[in-house]
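Right, one structure below, let's go through it.
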Amino acid sequence: VMGLALTPDEVAALEGRTEGWIAGLQLAALSMQGRKDVGGFIQAFAGDHRYIVDYLVEEVLARQGPEVRTFLRQTAILDQLHGPLCDAVTGQAGGQARLEALQRGNLFVVPLDDKRQWYRYHHLFADVLQMHLGAEQRDTVPELHRRASTWFAQHGTPDDAIRHALAGEDFEAAAGLIEPAIPELRRTRQEATMLRWLRALPQDEVHRRPVLCLHFAGALLLNGEYGEAESRLHDAERLLAGEAETGTGAPLAGDMIVVDQEEFRRVPGWIQVYRAGLALAQGDVTGTLHHAGLAREHMAVGDHLGHGAAAGLQGLAMWATGDLTAAHQFYVECMTSLLAAGYVSDALGCTITMADIRIAQGRLHDAMRHYLRGLELGGAGGGTPLRGTADMLV
(Lines give C-alpha, C1' and ligand atoms only; values in the text may rest on other atoms or scores of the structure.)
Protein backbone atom coordinates (compact mmCIF):
# COMPACT_ATOMS: atom_id res chain seq x y z
CA VAL A 1 0.00 0.00 0.00
CA MET A 2 2.84 2.40 0.79
CA GLY A 3 4.73 1.54 -2.39
CA LEU A 4 7.89 0.28 -0.71
CA ALA A 5 8.55 -2.56 -3.22
CA LEU A 6 10.07 -4.85 -0.62
CA THR A 7 11.51 -8.22 -1.58
CA PRO A 8 10.07 -11.36 0.04
CA ASP A 9 13.24 -11.71 2.13
CA GLU A 10 12.92 -8.14 3.36
CA VAL A 11 9.27 -8.69 4.25
CA ALA A 12 10.18 -11.82 6.17
CA ALA A 13 13.00 -10.03 8.02
CA LEU A 14 10.73 -7.14 8.96
CA GLU A 15 7.96 -9.46 10.13
CA GLY A 16 10.45 -11.40 12.24
CA ARG A 17 11.87 -8.24 13.81
CA THR A 18 8.47 -6.80 14.70
CA GLU A 19 6.93 -10.22 15.50
CA GLY A 20 3.88 -9.14 13.51
CA TRP A 21 3.18 -6.11 15.70
CA ILE A 22 1.06 -3.96 13.41
CA ALA A 23 2.03 -0.62 14.95
CA GLY A 24 5.68 -1.58 14.67
CA LEU A 25 5.21 -2.52 11.03
CA GLN A 26 3.51 0.79 10.31
CA LEU A 27 6.24 2.76 12.06
CA ALA A 28 8.89 0.86 10.13
CA ALA A 29 7.08 1.55 6.87
CA LEU A 30 6.89 5.26 7.62
CA SER A 31 10.60 5.26 8.39
CA MET A 32 11.47 3.53 5.11
CA GLN A 33 9.71 6.01 2.86
CA GLY A 34 12.23 7.85 0.73
CA ARG A 35 15.18 5.71 1.87
CA LYS A 36 17.59 4.35 -0.72
CA ASP A 37 19.01 1.54 1.43
CA VAL A 38 15.78 -0.13 2.54
CA GLY A 39 17.50 -3.47 3.09
CA GLY A 40 20.08 -1.91 5.40
CA PHE A 41 17.35 -0.15 7.38
CA ILE A 42 15.44 -3.40 7.89
CA GLN A 43 18.54 -5.18 9.20
CA ALA A 44 19.27 -2.31 11.59
CA PHE A 45 15.67 -1.82 12.68
CA ALA A 46 15.57 -2.23 16.45
CA GLY A 47 14.14 -0.80 19.64
CA ASP A 48 16.43 2.19 19.61
CA HIS A 49 14.82 3.58 16.44
CA ARG A 50 13.29 6.92 17.38
CA TYR A 51 9.76 6.11 16.16
CA ILE A 52 9.63 2.90 18.16
CA VAL A 53 11.08 4.59 21.25
CA ASP A 54 8.72 7.54 21.05
CA TYR A 55 5.67 5.35 20.56
CA LEU A 56 6.43 2.92 23.34
CA VAL A 57 7.40 5.63 25.80
CA GLU A 58 4.42 7.86 25.08
CA GLU A 59 1.74 5.24 24.47
CA VAL A 60 2.76 2.42 26.79
CA LEU A 61 5.25 3.24 29.55
CA ALA A 62 3.85 6.69 30.34
CA ARG A 63 0.43 5.16 30.97
CA GLN A 64 1.72 2.76 33.64
CA GLY A 65 2.03 3.43 37.33
CA PRO A 66 5.49 3.89 38.85
CA GLU A 67 5.58 0.38 40.34
CA VAL A 68 4.77 -1.21 36.99
CA ARG A 69 7.34 0.92 35.18
CA THR A 70 10.00 -0.07 37.69
CA PHE A 71 9.06 -3.74 37.34
CA LEU A 72 9.21 -3.56 33.55
CA ARG A 73 12.60 -1.89 33.48
CA GLN A 74 14.26 -4.09 36.08
CA THR A 75 13.04 -7.35 34.57
CA ALA A 76 14.07 -6.29 31.04
CA ILE A 77 17.49 -7.85 31.72
CA LEU A 78 15.83 -11.29 31.56
CA ASP A 79 15.38 -13.25 28.34
CA GLN A 80 12.55 -15.20 29.98
CA LEU A 81 10.27 -14.10 32.76
CA HIS A 82 9.03 -16.24 35.65
CA GLY A 83 7.26 -14.98 38.75
CA PRO A 84 9.77 -16.18 41.40
CA LEU A 85 12.67 -15.12 39.19
CA CYS A 86 11.21 -11.63 38.80
CA ASP A 87 10.71 -11.46 42.57
CA ALA A 88 14.38 -12.30 43.09
CA VAL A 89 15.53 -9.67 40.59
CA THR A 90 13.26 -6.84 41.72
CA GLY A 91 13.31 -7.65 45.43
CA GLN A 92 9.52 -7.41 45.44
CA ALA A 93 6.77 -10.03 45.76
CA GLY A 94 3.86 -10.70 43.41
CA GLY A 95 5.83 -11.13 40.20
CA GLN A 96 3.67 -13.94 38.84
CA ALA A 97 0.44 -11.99 39.34
CA ARG A 98 1.99 -8.93 37.70
CA LEU A 99 3.10 -10.94 34.67
CA GLU A 100 -0.39 -12.39 34.28
CA ALA A 101 -1.90 -8.90 34.53
CA LEU A 102 0.51 -7.55 31.92
CA GLN A 103 -0.33 -10.41 29.58
CA ARG A 104 -4.07 -9.86 30.03
CA GLY A 105 -3.54 -6.19 29.26
CA ASN A 106 -1.69 -7.05 26.02
CA LEU A 107 1.34 -5.16 27.28
CA PHE A 108 3.89 -6.80 24.97
CA VAL A 109 4.20 -9.90 27.16
CA VAL A 110 4.31 -13.24 25.33
CA PRO A 111 3.49 -16.50 27.19
CA LEU A 112 6.01 -19.29 26.56
CA ASP A 113 4.09 -22.26 27.95
CA ASP A 114 0.51 -23.46 28.30
CA LYS A 115 0.57 -23.07 32.08
CA ARG A 116 1.45 -19.36 31.85
CA GLN A 117 4.45 -19.76 34.13
CA TRP A 118 7.09 -18.43 31.74
CA TYR A 119 6.86 -15.33 29.57
CA ARG A 120 9.05 -12.97 27.61
CA TYR A 121 8.77 -9.39 26.45
CA HIS A 122 8.24 -8.51 22.82
CA HIS A 123 11.77 -8.02 21.51
CA LEU A 124 11.32 -4.39 20.49
CA PHE A 125 9.66 -3.61 23.81
CA ALA A 126 12.53 -5.27 25.67
CA ASP A 127 15.01 -3.16 23.71
CA VAL A 128 13.25 0.02 24.82
CA LEU A 129 12.99 -1.12 28.43
CA GLN A 130 16.70 -1.90 28.53
CA MET A 131 17.50 1.54 27.10
CA HIS A 132 15.43 3.21 29.81
CA LEU A 133 16.98 1.03 32.51
CA GLY A 134 20.45 2.00 31.35
CA ALA A 135 19.55 5.68 31.13
CA GLU A 136 17.68 6.01 34.40
CA GLN A 137 19.05 3.28 36.69
CA ARG A 138 22.44 2.38 35.22
CA ASP A 139 24.04 1.80 38.61
CA THR A 140 21.50 -0.89 39.47
CA VAL A 141 22.07 -3.01 36.36
CA PRO A 142 25.02 -5.09 37.69
CA GLU A 143 23.15 -5.89 40.89
CA LEU A 144 20.06 -6.96 38.95
CA HIS A 145 22.19 -9.37 36.90
CA ARG A 146 23.81 -10.73 40.06
CA ARG A 147 20.42 -11.41 41.61
CA ALA A 148 19.35 -13.22 38.45
CA SER A 149 22.58 -15.24 38.49
CA THR A 150 22.01 -16.31 42.09
CA TRP A 151 18.44 -17.40 41.33
CA PHE A 152 19.45 -19.45 38.28
CA ALA A 153 22.33 -21.07 40.18
CA GLN A 154 19.99 -22.06 43.00
CA HIS A 155 17.52 -23.54 40.51
CA GLY A 156 20.00 -25.67 38.56
CA THR A 157 20.43 -23.55 35.45
CA PRO A 158 24.20 -22.93 35.30
CA ASP A 159 24.28 -21.52 31.76
CA ASP A 160 21.94 -18.65 32.66
CA ALA A 161 23.63 -18.20 36.03
CA ILE A 162 27.03 -17.80 34.36
CA ARG A 163 25.69 -15.47 31.68
CA HIS A 164 24.14 -13.12 34.24
CA ALA A 165 27.18 -13.27 36.52
CA LEU A 166 29.35 -12.17 33.61
CA ALA A 167 26.87 -9.45 32.64
CA GLY A 168 26.88 -8.24 36.25
CA GLU A 169 30.71 -8.31 36.29
CA ASP A 170 30.67 -10.65 39.28
CA PHE A 171 33.68 -12.45 37.87
CA GLU A 172 34.56 -14.40 40.99
CA ALA A 173 31.07 -15.90 41.08
CA ALA A 174 31.18 -16.55 37.32
CA ALA A 175 34.49 -18.39 37.60
CA GLY A 176 33.13 -20.42 40.50
CA LEU A 177 30.14 -21.43 38.38
CA ILE A 178 32.11 -22.19 35.22
CA GLU A 179 34.48 -24.66 36.88
CA PRO A 180 31.87 -27.27 37.91
CA ALA A 181 30.09 -26.78 34.57
CA ILE A 182 33.15 -27.85 32.57
CA PRO A 183 32.61 -31.66 32.61
CA GLU A 184 29.16 -31.32 31.04
CA LEU A 185 30.41 -28.75 28.53
CA ARG A 186 33.11 -31.17 27.45
CA ARG A 187 30.74 -34.12 27.27
CA THR A 188 28.38 -32.19 25.00
CA ARG A 189 31.24 -30.72 23.00
CA GLN A 190 30.50 -27.11 23.92
CA GLU A 191 34.12 -26.01 23.98
CA ALA A 192 33.19 -22.86 22.03
CA THR A 193 30.84 -21.83 24.84
CA MET A 194 33.52 -22.59 27.42
CA LEU A 195 36.04 -20.54 25.48
CA ARG A 196 33.65 -17.58 25.25
CA TRP A 197 33.00 -17.65 28.99
CA LEU A 198 36.66 -17.97 29.93
CA ARG A 199 37.64 -15.13 27.65
CA ALA A 200 35.03 -12.93 29.35
CA LEU A 201 36.81 -13.38 32.69
CA PRO A 202 39.69 -11.13 33.73
CA GLN A 203 42.93 -13.03 33.27
CA ASP A 204 43.83 -12.57 36.92
CA GLU A 205 40.70 -14.52 37.84
CA VAL A 206 41.62 -17.39 35.50
CA HIS A 207 45.27 -17.52 36.53
CA ARG A 208 44.34 -18.39 40.13
CA ARG A 209 42.38 -21.48 39.11
CA PRO A 210 44.28 -24.52 37.75
CA VAL A 211 41.13 -26.27 36.48
CA LEU A 212 40.15 -23.21 34.44
CA CYS A 213 43.70 -22.77 33.15
CA LEU A 214 43.81 -26.39 32.09
CA HIS A 215 40.55 -26.48 30.18
CA PHE A 216 41.11 -23.01 28.77
CA ALA A 217 44.20 -24.57 27.21
CA GLY A 218 42.17 -27.50 25.88
CA ALA A 219 39.56 -25.24 24.29
CA LEU A 220 42.29 -23.08 22.74
CA LEU A 221 44.00 -26.19 21.40
CA LEU A 222 40.82 -27.31 19.66
CA ASN A 223 40.50 -23.78 18.27
CA GLY A 224 43.99 -23.93 16.78
CA GLU A 225 45.43 -21.26 19.11
CA TYR A 226 48.54 -23.17 20.07
CA GLY A 227 50.63 -20.35 21.50
CA GLU A 228 47.96 -19.24 23.96
CA ALA A 229 47.19 -22.86 24.81
CA GLU A 230 50.83 -23.32 25.78
CA SER A 231 50.62 -20.26 28.05
CA ARG A 232 47.53 -21.56 29.85
CA LEU A 233 49.17 -24.97 30.36
CA HIS A 234 52.17 -23.20 31.87
CA ASP A 235 49.81 -21.36 34.24
CA ALA A 236 48.29 -24.66 35.37
CA GLU A 237 51.74 -26.19 35.91
CA ARG A 238 52.84 -23.13 37.87
CA LEU A 239 49.87 -23.48 40.19
CA LEU A 240 50.50 -27.21 40.68
CA ALA A 241 54.14 -26.56 41.50
CA GLY A 242 53.15 -23.98 44.10
CA GLU A 243 50.63 -26.36 45.62
CA ALA A 244 53.25 -29.11 45.85
CA GLU A 245 55.66 -26.80 47.66
CA THR A 246 53.28 -26.49 50.61
CA GLY A 247 53.93 -30.13 51.42
CA THR A 248 50.35 -30.56 52.59
CA GLY A 249 48.44 -30.96 49.35
CA ALA A 250 46.31 -27.96 50.29
CA PRO A 251 45.83 -24.95 47.99
CA LEU A 252 48.07 -21.99 48.61
CA ALA A 253 46.21 -19.40 50.66
CA GLY A 254 45.42 -16.26 48.68
CA ASP A 255 46.70 -17.73 45.43
CA MET A 256 45.18 -20.92 44.06
CA ILE A 257 41.42 -21.49 44.02
CA VAL A 258 39.81 -24.90 43.45
CA VAL A 259 36.06 -25.44 43.29
CA ASP A 260 35.81 -28.91 41.75
CA GLN A 261 38.20 -31.17 43.66
CA GLU A 262 37.55 -34.13 41.37
CA GLU A 263 38.53 -32.15 38.28
CA PHE A 264 41.53 -30.78 40.16
CA ARG A 265 42.82 -34.31 40.75
CA ARG A 266 42.72 -34.88 36.98
CA VAL A 267 44.80 -31.80 36.17
CA PRO A 268 48.28 -33.46 36.06
CA GLY A 269 47.13 -36.16 33.65
CA TRP A 270 45.22 -33.77 31.41
CA ILE A 271 48.16 -31.39 31.22
CA GLN A 272 50.04 -34.24 29.58
CA VAL A 273 47.08 -35.01 27.28
CA TYR A 274 46.99 -31.44 26.04
CA ARG A 275 50.77 -31.32 25.71
CA ALA A 276 50.54 -34.46 23.59
CA GLY A 277 47.89 -32.73 21.48
CA LEU A 278 50.10 -29.66 21.06
CA ALA A 279 53.03 -31.83 20.03
CA LEU A 280 50.89 -33.68 17.47
CA ALA A 281 49.58 -30.41 16.04
CA GLN A 282 53.17 -29.26 15.59
CA GLY A 283 54.26 -32.50 13.91
CA ASP A 284 56.28 -33.74 16.89
CA VAL A 285 55.45 -37.45 16.91
CA THR A 286 58.06 -38.31 19.53
CA GLY A 287 56.74 -35.62 21.84
CA THR A 288 53.18 -36.83 21.28
CA LEU A 289 54.05 -40.38 22.35
CA HIS A 290 56.08 -39.11 25.32
CA HIS A 291 53.35 -36.90 26.76
CA ALA A 292 50.56 -39.38 26.00
CA GLY A 293 52.52 -42.04 27.88
CA LEU A 294 52.94 -39.69 30.85
CA ALA A 295 49.22 -38.95 30.72
CA ARG A 296 48.42 -42.66 31.04
CA GLU A 297 50.70 -42.86 34.08
CA HIS A 298 49.01 -39.91 35.79
CA MET A 299 45.41 -40.92 35.05
CA ALA A 300 43.43 -42.77 37.69
CA VAL A 301 42.33 -46.27 36.71
CA GLY A 302 38.69 -45.26 36.42
CA ASP A 303 39.31 -42.11 34.37
CA HIS A 304 38.04 -43.62 31.13
CA LEU A 305 37.92 -40.31 29.29
CA GLY A 306 41.52 -39.50 30.13
CA HIS A 307 42.81 -42.93 29.12
CA GLY A 308 40.75 -42.81 25.93
CA ALA A 309 42.10 -39.38 24.97
CA ALA A 310 45.68 -40.48 25.56
CA ALA A 311 45.19 -43.71 23.60
CA GLY A 312 43.67 -41.79 20.70
CA LEU A 313 46.69 -39.49 20.55
CA GLN A 314 49.00 -42.49 20.66
CA GLY A 315 47.04 -43.98 17.80
CA LEU A 316 47.35 -40.85 15.69
CA ALA A 317 51.09 -40.70 16.40
CA MET A 318 51.59 -44.34 15.38
CA TRP A 319 49.57 -43.74 12.23
CA ALA A 320 51.92 -40.84 11.41
CA THR A 321 54.91 -43.20 11.74
CA GLY A 322 53.28 -45.70 9.39
CA ASP A 323 52.66 -48.35 12.06
CA LEU A 324 49.02 -48.94 11.15
CA THR A 325 48.67 -52.06 13.25
CA ALA A 326 49.64 -50.25 16.45
CA ALA A 327 47.52 -47.25 15.44
CA HIS A 328 44.46 -49.47 15.10
CA GLN A 329 45.11 -51.16 18.43
CA PHE A 330 45.36 -47.83 20.22
CA TYR A 331 42.14 -46.68 18.58
CA VAL A 332 40.31 -49.81 19.69
CA GLU A 333 41.39 -49.00 23.23
CA CYS A 334 40.42 -45.37 22.74
CA MET A 335 36.91 -46.24 21.56
CA THR A 336 36.38 -48.72 24.40
CA SER A 337 37.38 -46.12 26.98
CA LEU A 338 35.24 -43.38 25.44
CA LEU A 339 32.19 -45.65 25.44
CA ALA A 340 32.84 -46.47 29.09
CA ALA A 341 32.97 -42.73 29.79
CA GLY A 342 29.69 -42.14 27.96
CA TYR A 343 31.20 -40.13 25.09
CA VAL A 344 29.26 -41.83 22.30
CA SER A 345 29.84 -39.16 19.66
CA ASP A 346 33.60 -39.34 20.09
CA ALA A 347 33.51 -43.12 20.03
CA LEU A 348 31.60 -42.88 16.76
CA GLY A 349 34.42 -40.72 15.43
CA CYS A 350 36.84 -43.49 16.42
CA THR A 351 35.00 -45.97 14.19
CA ILE A 352 35.56 -43.67 11.22
CA THR A 353 39.26 -43.34 11.97
CA MET A 354 39.63 -47.09 12.44
CA ALA A 355 37.89 -47.63 9.12
CA ASP A 356 40.33 -45.22 7.46
CA ILE A 357 43.23 -47.20 8.93
CA ARG A 358 41.79 -50.45 7.63
CA ILE A 359 41.33 -48.93 4.18
CA ALA A 360 44.98 -47.84 4.21
CA GLN A 361 45.84 -51.46 5.05
CA GLY A 362 43.69 -52.75 2.21
CA ARG A 363 41.33 -54.52 4.62
CA LEU A 364 38.07 -53.27 3.17
CA HIS A 365 35.77 -55.81 4.86
CA ASP A 366 37.14 -54.76 8.25
CA ALA A 367 36.62 -51.13 7.29
CA MET A 368 32.99 -51.90 6.46
CA ARG A 369 32.52 -53.51 9.87
CA HIS A 370 33.78 -50.32 11.53
CA TYR A 371 31.37 -48.22 9.46
CA LEU A 372 28.49 -50.48 10.47
CA ARG A 373 29.53 -50.16 14.09
CA GLY A 374 29.48 -46.40 13.65
CA LEU A 375 25.93 -46.59 12.33
CA GLU A 376 24.95 -48.62 15.38
CA LEU A 377 26.44 -46.02 17.69
CA GLY A 378 24.69 -43.25 15.79
CA GLY A 379 21.38 -45.04 16.18
CA ALA A 380 22.03 -45.42 19.89
CA GLY A 381 21.92 -41.65 20.31
CA GLY A 382 18.16 -41.82 20.92
CA GLY A 383 17.54 -38.72 18.82
CA THR A 384 20.16 -36.68 20.67
CA PRO A 385 22.45 -34.86 18.20
CA LEU A 386 25.87 -36.47 18.24
CA ARG A 387 28.70 -34.00 18.30
CA GLY A 388 32.39 -34.63 17.98
CA THR A 389 32.53 -36.75 14.85
CA ALA A 390 33.32 -33.78 12.64
CA ASP A 391 36.19 -32.89 14.97
CA MET A 392 37.77 -36.24 14.23
CA LEU A 393 37.70 -35.54 10.48
CA VAL A 394 39.00 -31.96 10.42
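Tabulated results
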read-out: Dipole-positive endmost among 103, 121, 83 within the stretch 77-123 (Cβ charges, Cα centre); value: 103
read-out: Length released on extending from residue 321 to residue 12, taking residue separation times 0.36 nm less the Cα-Cα span; value: 105.7 nm
read-out: Which of 224, 242, 61, positive extreme of dipole for the chain (C-beta unit charges); value: 61
read-out: Length released on extending from residue 365 to residue 62, taking residue separation times 0.36 nm less the Cα-Cα span; value: 101.6 nm
read-out: Efficiency of FRET between residue 228 and residue 188 - r from beta-carbon atoms, R0 35 angstrom, step 0.05; value: 0.90
read-out: Charge sum, other residues only, whose C-beta stays under 12 Å from residue 111's C-beta, Lys/Arg counted +1 and Asp/Glu -1; value: +1
read-out: Dipole moment magnitude, nearest 20 debye, the stretch 266-339 about Cα centre, only Lys, Arg, Asp, Glu C-beta charged; value: 140
read-out: Signed unit charges on C-beta, dipole axis of the stretch 243-380, positive-most listed residue 256, 299, 337; value: 337
read-out: Assigned charges on the beta-carbon of Lys, Arg, Asp, Glu; the stretch 202-323 dipole about Cα centre (debye); value: 200
read-out: Accessible area of residue 270 in the full protein assembly, 1.4 Å probe (Å², nearest 10); value: 10
read-out: Segments 74-85, 130-141, 220-231 sorted - mean Cβ within 10 Å per residue, highest first; value: 74-85, 220-231, 130-141
read-out: Percent carbon-and-sulfur accessible area, the chain, ignoring ligands, DNA and RNA, probe 1.4 Å; value: 53
read-out: q = 0.09, 0.11, 0.14 Å⁻¹: log10 I(q)/I(0) that the Debye formula gives for the chain, counting C-alpha atoms only; value: -0.74, -0.94, -1.13
read-out: Rg to Rh quotient for the stretch 122-191, alpha carbon positions, Kirkwood Rh; value: 1.07
read-out: Net lengthening on full extension, residue 285/residue 300 (0.36 nm per residue, minus Cα-Cα); value: 2.9 nm
read-out: Residue-averaged 222 nm ellipticity for the chain, from DSSP H runs of 4+ at -39500 (n - 2.57), nearest 500; value: -22500 deg cm²/dmol
read-out: Alpha-carbon centroid distance for the pair the stretch 152-179 / the stretch 284-305, whole angstrom; value: 33
read-out: Efficiency of FRET between residue 140 and residue 41 - r from beta-carbon atoms, R0 45 angstrom, step 0.05; value: 0.85
read-out: Cα centre as origin, Lys/Arg/Asp/Glu Cβ charges: the chain dipole, Debye; value: 720
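The values are calculated or read from the model by the stated rules, or taken from the named source; none is laboratory data. From a predicted model like this one, the values you see are computed outputs, not experimental measurements. Neighbour counts run over all protein chains shown; Cβ positions are idealised from the backbone, glycine included. Please note that ligands, DNA and RNA were not included when accessible areas were found on the heavy atoms of the full protein model with its side chains. Shrake-Rupley method; radii C 1.70, N 1.55, O 1.52, S 1.80 Å.
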